Amino acid sequence: MAVEAPLLRTDVLVIGAGGAGLYAAIEAARRGARVLLLDRSLIGRGGATVMAQMTVAAALGSETEDDWSHHLADTLAAGRGLCDPRLARLLCEEGAEVIREMDEWRTGWARHPDGRIRQVQAPGHDRPRCVYVDFLSTGPAVSRALRARAQREGGIRRMGEVLVTDLVTSGGRVRGAVALDLAHGVPLRMSAGATVIATGGLTRLYRRNSASSNMAGDGYALALRAGAELVDMEFVQFFPIGHLAPRMIGMDPIMWDPFRYKLGGRLLNGAMEEFTDRYGAPDGGRYVVTRDLATYAITREVAAGRGSPSGGAWLSFQHVPEAVLRENFGPVIDRLAANGIDLTRTPVEVAPIAHYHMGGIRVDARMDTGLPGLFAAGEAVGGANGANRLSGNAITEALAFGRVAGREAAALARRDGEGWDEAAAAEALALAGGTGPARPGMNTAALFRRLQDIMADDVGAFRTAEGLARAGQRLQALSAELGEAPPGPPLPHDLARADWFDLRAGLQVAEAVVLAAAARTESRGAHQREDHPGLDPAWGHNQTLALRDGQLRLGRQPVAEAA
């Protein structure tokens, strides 16, 4: 029996209200569509974009001569031969346009005295190309500008504290979604002419991560269960210099990146020696080493017994005068002091931390998933970054892909309209709003921590066949323990029920990562196999995953040709 639930009708449904989702909503509304914008938390205040403190790559050419084609060359090089060049080109070409539009929307990009936008050098780029907002305020400024623009744009209905549990498909087409209103504990039905998934990545699946609490791969799972394909799921990027010690409260653990490439922080092992050149990655304090190589170098030093006391590496700015630190980072220095950190006197400890996912939902250059009615944007998309994302490309990707997804979703909704199918939604409604078996001993938060442990222990930055097999077995056991339905009746602010749905999605996505990682018997970019060191040219293709008859099926496809 279908559960009674409000039915909300819209032209375009956007799931996720970070940078990609907000831009998609704005663009769809500008093209005349009615938009329903949903988020697990508050609109524009959850997800990855608002947390980002660093830089955004775009070939503006304000610092030195530049062109999107140069940005594309660096993006393809970082991707180690696996980037979809159509998506990478879109990121770089439209990226410059959206950054200029964000400037018109008063994001507040840092500027030279003569009014030119400042651009700085970042790892993997051949010239200064990355814009930012002082002081370490890039993400909050971008989110603020997008929220303000969305509020001014008519036709966007915003709803926070909504957990989408399943997409609804009928006749081979996505018709909308079923969700759980977390604040009131009631299910919702949403009929849409087109749906955009903009839910971010999966790095919350790891014990040590820089993600917000709602980035556990639920968008990937939504698309997979509906019939879309995933791609490049084995490539999880670990940010090499995530903060490790001393304890730091209220600050982003990946904040050291701009410090290092602006001021030349020294990366040192436990013996206070610079070491990246031992691993084919000479650095010399200039921070030119890409993230995958830096992660490898730090991990190898720790494994060799040359790590810092907390199990990472030292990052030192003791050679930088306090006046220079304050000139570049202003009030951030005072926030560090409140945490007991004086960069002029002592180094900090850093270590790799799960930060970004290169894989995701397979799309074309229109952000079309191939499943009629469904689009994706931002980190939910796989393919643009190949085996390793270039520094600074994340927000650019979110904005550029969000704009395209919103444009294409609006066009489809205008052409086809909506068409809700109550019968097709019945099973999802029963799961979201029904009463499951009472399980008084079930601790969903503890189960999620076990999932994080599995991924961190055996599916981390360095993998083996043995560890991946062990992870697969542990994931199956955890899935069996989770059961087929959430415990008890839905209640207002029911965190245990929300955790159950997070676990259902997270376990499915984790299995996809394990399957793809076990199959790729080489080391390339962010996927490093200790039992298969070195890049193998025979593996110059992408892996896809689809759900068929309830089972994940792995496939291969040649890397797409340039447009």
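Annotations for the structure displayed:
- The string of couplings for region 7-19 from the Karplus curve (6.51, -1.76, 1.60, θ = phi - 60°) is 10, 9, 10, 8, 7, 10, 9, 10, 9, x, 10, x, x Hz, one whole number per residue in order, with x for Gly and Pro.
- Radius 15 Å from Cβ of LEU491, net charge of other residues (Lys, Arg +1; Asp, Glu -1): -2
- Helix axis angle, 68-78 relative to the chain longest principal axis, alpha carbon, degrees: 90 degrees
- Charged side chains reduced to their Cβ positions (Lys and Arg at +1, Asp and Glu at -1) give the chain a dipole of some 660 debye around its Cα centre.
- Ordering 312-321, 328-337, 199-208, 375-384 by mean Cβ neighbour count within 10 Å, with the highest value first, yields 375-384, 199-208, 312-321, 328-337.
- For region 439-503: rounded, prolate or oblate by the Cα gyration tensor [a/c cutoff 1.5]: prolate
- The stretch between ASP536 and GLU322, if pulled fully straight at 0.36 nm per residue, gains 72.4 nm over its current Cα-Cα span.
- Between the helical axis of 85-104 and the longest alpha-carbon principal axis of the chain there is an angle of about 80 degrees.
- Cα→Cβ-extended label distance, 7 Å offset, between ALA245 and GLU273, nm: 2.1 nm
- Local electrostatic count, SER523, Cβ distance below 14 Å [Lys/Arg +1, Asp/Glu -1]: 0
- Close amide H pairs (under 5 Å, H built 1.01 Å from N) link ALA384 with ASP84, residues at least 5 positions away or on another chain.
- Applying the Karplus relation 6.51 cos²θ - 1.76 cosθ + 1.60 with θ = phi - 60° to region 107-116 yields 3J(HN,Hα) values of 5, x, 3, 4, 10, 6, x, 7, x, 5 Hz, where x marks Gly and Pro.
- Integer Hz, Karplus 6.51/-1.76/1.60 couplings in order for region 456-466, x for Gly and Pro: 5, 6, 10, 10, x, 5, 10, 10, 9, 4, 5
- Prolate/oblate/rounded call for region 415-553, Cα gyration tensor, a/c under 1.5 rounded: oblate
- Taking the inverse of the mean 1/r over every pair of distinct Cα atoms in the chain gives a Kirkwood hydrodynamic radius of 23.7 Å.
- Given R0 = 22 Å, the distance between the Cβ atoms of ALA560 and ALA73 translates into a calculated FRET efficiency of 0.85.
- Using the Cβ of HIS541 as centre and a radius below 13 Å, the other residues enclosed give a net charge of -2, where K and R count +1 and D and E count -1.
- Taken about its Cα centre, region 325-454 carries a charge dipole of about 280 debye when Lys and Arg each add +1 at the Cβ and Asp and Glu each add -1 at the Cβ.
- FRET efficiency for ARG548 and ALA365, using Cβ-Cβ distance with R0 set to 22 Å, rounded to 0.05: 0.25
- Projecting the Cα positions of LEU42, SER212, LEU478 onto the charge dipole of the chain (unit charges on Cβ atoms of Lys, Arg, Asp and Glu, taken about the Cα centre) puts LEU42 furthest along the positive direction.
- Ranking PRO187, GLY201, ALA221 by how far each Cα lies toward the positive end of the dipole of the chain (charges on Cβ) leaves PRO187 at the top.
- Taken about its Cα centre, region 237-354 carries a charge dipole of roughly 60 debye when the Cβ of each Lys and Arg holds +1 and the Cβ of each Asp and Glu holds -1.
- Measuring between their Cα centroids, region 362-394 and region 487-544 lie 17 Å from each other.
Since every read-out is calculated from the coordinates, none of them should be taken as a lab result. On a predicted model such as this, the values are computed, not experimentally measured, just so you know. Ideal geometry is used to build each Cβ from the backbone, glycine not excepted, and the neighbour counts take in all protein chains shown.
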